[in-house]
Amino acid sequence: GFCRTLWVKRHFNCACLYPHFTGLACGSHIAILHDGNGNVRLPTRPACGSLAGPQWLLPTLAGKSWGRLACSMAGCVSRKSPFAEGTVAVETPKFPMNIQSDGLQIESSIFGSLPDNRKVELFSLSNSHGMTVKFSNYGLIIAELHVPDRTGKPGNVVLGFDNVERYVKGHPFFGVIAGRYANRIAKGRFKLDGVEYVLATNNGQNHLHGGLAGFDKKLWNILSASAEGGVARVRFSYVSADGEEGYPGDLLVIVTYSLNEKNEFRIDYEATTKNKATVLNLTNHSYFNLAGQGNVLGHELQIESDTFTEVDSELIPTGRIVPVAGTALDFTRPHTIGERADKAGLALPGYDHNFILRHNDDQLHLAATAYESGTGRVMECLTTQPAVQLWTCNNPPPDLVCTGNWVVPKHGGFCLETQHYPDSPNRPGFPTTTLRPGEIFRSSTVYKFSVRK
């Protein structure tokens, strides 16, 4: 797999690194292998000799200084260990990247430049079953996602562009990570611990997807890449400063994109706030079209939900939780997206609704299943989040041309945005989205692809 060499010094600033490491060895030198579980493992026979077997340690993400690796080693390391606490300097991954292991591959290339001349990378994860995911460190945009149809021919099933300059010109959140708060916050304000915070308003009088310059418009740091254990992954970080877009608290966010040999594309989110409580709601905003072009009204969809959050004319929740039974939002059995789109209660035909999922724990559960009969492609969405927003591209910008040189029509894609409920900071009855210092937010979403013959 991909590994990096780190040199340990007790007080060496590592610039806000959240370490996800394995392979710690006693001594002044560390070889790192990324296991994806967010843990530090000391090997069975470290250089200084003192451990009977492997030990797993969770790095202190919410410690006083993100510039230091502070691992709690009590009971795990002998007195001979030279680093009960330590810090590390990290070598930047080498570009262009080309990592191969057991049918998996990670590649990178230049995706273009931002207006300030910063270079943007495009990463590609591929497996031996014809699936490839391409994404950028700008906005963590998923630019392409190729999966086989029933004949085995791969095709792109997400909407996007083939260069970063086109994204910079503006787009309807194609494939981005939305944050600090995905979806809407009413009137762009909320109270937390008695303090009112005023946010940017970019959706009428409301706040949407993090504001004018949310996480979708940030150049994320590249932490690591690896292909091992049947999984290829790339990990990114971003530090959102206190006051950015009006939000309180310095927030550290880690997002990992990974692909395995089961044709599962996985997104893992982690976050902590350093000095103030804040609110957080992270999602990916990919537009899927399993046919690869045209509209998605003929796609069959099933959602594991019996209720939804009622909204007003501005799509702000009223606070009422309403059963889907007897409405156009009842996807408890498969229905085509277009079958009842004109009865969904919006000004334009289509969907833009938050469905409350049946599961009530933080484990991965099936949220929705989509099927396109022409290609046979099936996509299952699994998540740890309590809800999913179905958005069906009801009013795309005119003459919007995507990769493949096709103009996106009305209902040219659909989004399954796994999330907490919209406007939760203003709704005490909704599951909390408050994150406090010392807490670590974690969530995961998986998009799994297969075919029906």
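A short reminder: the numbers here are calculations on the coordinates, not readings from a lab. Bear in mind the structure is a predicted one, so any value in this text is a computation, not a measurement. Glycine also receives a Cβ, built like all others from the backbone with ideal geometry; neighbour counts cover every protein chain displayed.
Listing for the model above:
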{"read-out": "Computed label-point distance, nm, for sites Val239 and Ala213 using a 7 Å Cα→Cβ extension", "value": "1.7"}
{"read-out": "Total formal charge among the other residues, if their Cβ is under 12 angstrom from that of Gly152, Lys/Arg +1 and Asp/Glu -1", "value": "+3"}
{"read-out": "For the range 157-174, 3J(HN,Hα) per residue [Karplus equation, 6.51 cos²θ - 1.76 cosθ + 1.60, θ = phi - 60°, Hz, x = Gly/Pro]", "value": "10, 10, 8, x, 10, 9, 7, 6, 4, 5, 5, 4, 5, x, 6, x, 6, 4"}
{"read-out": "Shape category assigned to the range 91-167 from the gyration tensor of Cα positions, a/c cut at 1.5", "value": "oblate"}
{"read-out": "For Leu114, net neighbour charge (Lys/Arg +1, Asp/Glu -1) across residues whose Cβ lies under 14 Å away", "value": "+2"}
{"read-out": "Cα-projected label distance for Thr327 with Glu439, points at 7 Å along beta-carbon direction, nm", "value": "2.8"}
{"read-out": "Whether the range 157-237 is rounded, prolate or oblate, judged on the alpha carbon gyration tensor where a/c under 1.5 counts as rounded", "value": "oblate"}
{"read-out": "Packing rank of 166-179, 412-425, where each peptide gets the mean count of other beta carbons within 10 Å, highest leading", "value": "412-425, 166-179"}
{"read-out": "Cα-centre dipole for the range 225-371 with unit charges at Cβ (Lys and Arg positive, Asp and Glu negative), debye to 20", "value": "200"}
{"read-out": "Computed label-point distance, nm, for sites Glu165 and Thr318 using a 7 Å Cα→Cβ extension", "value": "4.9"}
{"read-out": "Peptides 228-238, 434-444 ordered by average Cβ neighbours within 10 Å, highest first", "value": "228-238, 434-444"}
{"read-out": "Gain upon complete extension [Val195, Ser113; 0.36 nm per residue less C-alpha separation]", "value": "25.6 nm"}
{"read-out": "Hits among lysines - C-alpha to C-alpha of Lys191 under 18 Å, sequence gap 8 or more where chains match", "value": "Lys276"}
{"read-out": "For peptides 310-321, 386-397, sequence by mean Cβ density within 10 Å, most packed first", "value": "386-397, 310-321"}
{"read-out": "Cα gyration tensor category, rounded, prolate or oblate, for the range 251-409 with a/c compared to 1.5", "value": "rounded"}
{"read-out": "Under 15 Å, Cβ to Cβ, from Ala367 - net charge with Lys/Arg +1 and Asp/Glu -1", "value": "-4"}
